[in-house]
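Inspection log for the structure reproduced underneath, given as C-alpha cells.
The values are calculated or read from the model by the stated rules, or taken from the named source; none is laboratory data. Here the structure is a predicted model, which means the values were calculated and not measured. No Cβ is skipped: glycine too gets one built from the backbone with ideal geometry, and neighbour counts run over all protein chains shown. SASA here: full protein model, heavy atoms, side chains in, ligands and nucleic acids out. Shrake-Rupley method; radii C 1.70, N 1.55, O 1.52, S 1.80 Å.
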Amino acid sequence: MIVIENCAVATADDAGTEYSHGHVLVDGNRIVAVGEGRAPAQPGEITRVDGSGCLATPGLVNTHHHLYQWITRGLATDSTLFEWLTELYPVWARIDAESVGVAARAGLGWLALSGCTTSADHHYVFPDDAGDLLAAEIGAAREIGIRFHPTRGSMDRGRSAGGLPPDEVVEDIDTILAATSEAITAFHDPSPDAMVRIGIAPCSPFSVSTELLSQARELATEHGVMLHTHLAETIDEEDFCQATHGCTPVEYLDSLGWLGEDVWLAHCVHLSDGAIKRLGATRTGVAHCPSSNSRLGAGIAPVPALLDAGAPVGLGVDGAASQEAGMLVEELRQALYLARLHGGPTALRARQALRAATIGGARCLGRGGEIGSLEAGKLADIALWRLDGLGHADIADPVAALALGPPAPLELLTVNGNAVVSGGELRTADQDRLALAARTAHRGLMASAGRAPSENGRTS
Ligand SMILES: [Zn+2]
C-alpha cells in the first residue's frame, strides 16, 4: 500500500470535493481512500509519501495526439491547416515502425512529465512496408508505463478522389478494415483496469470516403470499441463539407450514425448552435486542443457552450507537429485563456479546466467509471504536483496555481499504482537517450524525404 499525505487534494469528483491537508491511500493499482487529514491506520507494510507543499489531482488524460509527429516538429510554422498538411504529408510518407517507436517513446515520456497518465493516439499514416506501426507505439507506451488508447486511423480519399492527401499515403478500404480488425483482436483489452484499448479513427471528412466512415461505424459497434475523428477544425473543412456533401461536418457525421457516447471528436471549433445542442444531446465527446488551434490559427472552440449542452469535453495536446510544446498541463491555461478571450473572465474557471483535463477526458475515452477522479475504487492514476517552489509558492489557491501558473514539477506520477515520474524525473526511461534518439530519427526522416538538415540541426 502507498499513502500520499499532507497535501492539498483536488479530487475532480462530481461534487468537486477538495481537501486542504488530505491523503490518498492506494492498495495495488486502486485508490482505496481519499480524505482530509492523515490516512486511517493500516495493517501491514505501507509506503508513506510526504506531499507537503504539493497538490494531488487525478492523472491528466490526453484525448488527442499523433505521436509519430514528435519527429516532424518545427515545419510549416506559419501555415493554415491545409497548407501545413500539404507540406507534411510527403515527410510522413517516410515513417516506419522504428521511427514511430522512437517518436512515441519521446512523446509519451514528455507527456508523463506534464502529468499525463492516460493518452489517446490517432495514427492514420500507414505507408507500404512500414512495419507494424501500432505495435511500435504500444510497445513504447508499455516501456514508459502510460495507459494508452491508440486508434487505428486511416485515409482512403487521396487527391485523385477529391481528397487532400497525396495518393501515396492513402490505403484502400478493405486493407483499412482488415488491419483495424486485426489491431482490435491483437491489442484491445476491454477489462476495467486495461492499460491498452484500441479505437477506430478515420482521419477527417476531407481525407476519407463516406463508405469508410459507415463501415468504421459498423466495425466499432461489432467490437464494442470507441470511434474518433477530427471534426470542424477549420472553415476550409466546413467549405469542403458543404461543397462535397451539401451539409455541415456535424450534420454529415450525424447522417452516418457517428454521434453518440462511443464517439469523441477532435477540435469542434466551428459549430452552429444547433450542432452544439446535438453534440450535447448525444453525449458525443469533444477533444479540445487549444494550443494546436492557436498554432494553426484555426479558431476558438465553444467549450463553455459545449459543457452547458452536456457534451463531455476533454483536453488534448494534438500532434507535436502542430503544437511543439506538447505539455498537457499547459492546456489547462490555454483552455482558460482562449475561452476568456472569446467570452470574458468567467467564461471558463480553473476548476472546469481541471475537470476537462481529468474526468472530462476520461469520459471522452469511455473510461469515466475507472479513471479521471480521485475516488475510492478508481485506478491509481495520480499526479502529485510540487507547488512550493519559486514559480508557485505564493499563489493563493493550489488549483489556480496549477492551471494559471507555470507548468508545475511533478513530485510523483503514478499509473496503475506504479511510479512513472518521481522527484521531477522520468523513472521508466532516460530522458537524454529519448532526446538523442528523436533527433537522430528526425534527421533520418528529413533526409529520406529529400529535406536536408542545415548546420544548426534545423531543416530547410
Ligand atoms: Zn489531430
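Brief remarks on what is shown
- Measuring from each cysteine beta-carbon in the chain, the ones with no other cysteine beta-carbon under 4.7 angstrom are CYS116, CYS203, CYS241, CYS247, CYS268, CYS289, CYS364.
- The angle separating the long axis of helix 133-144 from the principal Cα axis of greatest extent in the chain is about 10 degrees.
- Residue-by-residue Karplus 3J(HN,Hα) for segment 241-248, coefficients 6.51, -1.76, 1.60, Hz, glycine and proline x: 5, 4, 6, 8, 10, x, 7, 7
- Ranking of MET195, MET155, MET327 by solvent-accessible surface, largest first: MET195, MET327, MET155 (1.4 Å probe, protein heavy atoms only, all chains present).
- Restricting the GluC sites (Glu not before Pro) of segment 45-92 to loop positions (DSSP other than H, G, I, E, B) with no more than 12 neighbouring Cβ atoms within 10 Å leaves GLU45.
- In plain terms, the chain from GLU143 to GLU222 could stretch by 25.4 nm, reckoned as 0.36 nm per residue minus the Cα-Cα distance.
- Ellipticity estimate at 222 nm from DSSP helix runs (n ≥ 4, -39,500 (n - 2.57)) divided over the chain, nearest 500: -10500 deg cm²/dmol
- Built amide H within the under 5 Å cut-off of CYS116, gap 5+: LEU60
- Dipole magnitude of segment 312-460, debye to nearest 20 (Cβ charges: Lys/Arg +1, Asp/Glu -1, about Cα centre): 420
- Net charge of the neighbourhood of GLU218, taken over other residues with C-beta under 15 Å away and scored Lys/Arg +1, Asp/Glu -1, is -2.
- Full extension of the segment from THR210 to THR77, taken as 0.36 nm per residue of separation minus the current Cα-Cα distance, would add 44.8 nm.
- 3J(HN,Hα) along segment 209-218, derived from phi through the Karplus expression 6.51 cos²θ - 1.76 cosθ + 1.60 where θ = phi - 60°, amounts to 8, 4, 4, 5, 4, 5, 5, 5, 4, 5 Hz, with x in place of Gly and Pro.
- Taking the Cα centre of the chain as reference, the dipole from Cβ charges on Lys and Arg (+1) and Asp and Glu (-1) amounts to some 880 debye.
- Under 5 Å from the amide H of VAL313 lie the amide H atoms of VAL286, each residue being 5 or more positions distant or on a separate chain, with H modelled from the backbone and absent for Pro and chain starts.
- Couplings 3J(HN,Hα) for segment 351-357, derived from phi with the Karplus relation 6.51 cos²θ - 1.76 cosθ + 1.60 (θ = phi - 60°), are 6, 5, 5, 5, 4, 4, 6 Hz, where x marks Gly and Pro.
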